[in-house]
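Some notes on the structure that comes next.
The values are calculated or read from the model by the stated rules, or taken from the named source; none is laboratory data. Bear in mind that the values here come from a model prediction, so they are computed numbers and not experimental data. All Cβ positions, even for glycine, are placed from backbone atoms using ideal geometry, and neighbour counts span all protein chains on display. The accessibility values were calculated without ligands, DNA or RNA, using every heavy atom of the protein model including side chains. Shrake-Rupley method; radii C 1.70, N 1.55, O 1.52, S 1.80 Å.
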Amino acid sequence: SAKIADNAVVTAAINADAVTGAKIADDAIGAEHIEQLDADLSFADSAKAKFGTGNDLEIFHDASHSRIVDSGTGSLVIQTDSLLINNADNSESMVQAFEDGAVNLFYNHSKKLETSSAGVNVTGEVTATTKFGGPDNVKLSLGNSEDLQILHDGSNSYIKDAGTGRLLFNV
């Protein structure tokens, strides 16, 4: 009590690590008293910032990887009018997504896939590895009812008109 003046505790009177969570009653410090930090909040490796009643959301670095873990019900929702994911030094685009606009995927800072109002634009090769009917079968189907099919069955390659119209070649 000799170090308390005017009902205030002098900082120098509190030893380092003297105040622990066990010594502070629940809700003793309300959020209204911690409105804005004026310095960085630092966490050691594997120390987690936890959110939600059941700690449903965790953000941490485990000494090897930075992680956002959503283990609660529902989805992890990111709300923004644009999303830009760049490499660590911010010198290359990796993913871009724009509200009411394109989604772009990059390889080595070169745009390879872009969505547009007309569909999808691909720069470079498209390799299909999804197979049907067997180990070597690959099929590309076009039209609402898969009217036009281009496929390879492991032995033969086909262009097939499965619709009611005719297959026409226009030169």
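Collect the residues in the stretch 144-168 that are surrounded by 14 or more Cβ atoms within 10 Å (Cβ to Cβ) and among the acidic types (Asp, Glu), keeping them in residue-number order.
Selection gives Asp147, Asp153.
Quick one: would you say Ala63 is in contact (Cβ under 8 Å) with a residue 12 or more places away in the chain and more than 30 Å from Leu142 (Cβ to Cβ)?
Taking the combined requirement at face value, the residue satisfies it.
Checking Asp56 against (1) charged (D, E, K, R); (2) open to solvent by 80 Å² or more (accessible area, probe 1.4 Å); (3) under 20 Å from the mean Cα position of the chain (by Cα), only one condition comes out false. Which one?
Tallying (1) charged (D, E, K, R); (2) open to solvent by 80 Å² or more (accessible area, probe 1.4 Å); (3) under 20 Å from the mean Cα position of the chain (by Cα), Asp56 fails exactly one: (2).
Can you tell me which of Asp45, Asp100, Asp38 is of a type in the set (Asp, Glu), closer than 30 Å to Gly124 by Cα and exposed (fewer than 13 other Cβ atoms within 10 Å of the Cβ)?
When all the criteria are applied, what remains is Asp100.
Exactly one of (1) of a type outside the set (Phe, Trp, Tyr); (2) surrounded by 10 or more Cβ atoms within 10 Å (Cβ to Cβ); (3) more than 21 Å from Ala49 (Cβ to Cβ) is unmet by Val69. Its number?
(3)
Please state which of the following conditions Gly30 fails to meet, knowing it meets all the rest: (1) at pLDDT below 70; (2) open to solvent by 90 Å² or more (accessible area, probe 1.4 Å).
Status for Gly30: all satisfied but (2).
Looking at (1) open to solvent by 80 Å² or more (accessible area, probe 1.4 Å); (2) in contact with a Ser or Thr (Cβ under 6 Å, 6 or more places away or on another chain), which is the only condition Ile78 fails?
Going through (1) open to solvent by 80 Å² or more (accessible area, probe 1.4 Å); (2) in contact with a Ser or Thr (Cβ under 6 Å, 6 or more places away or on another chain) one by one, Ile78 breaks only (2).
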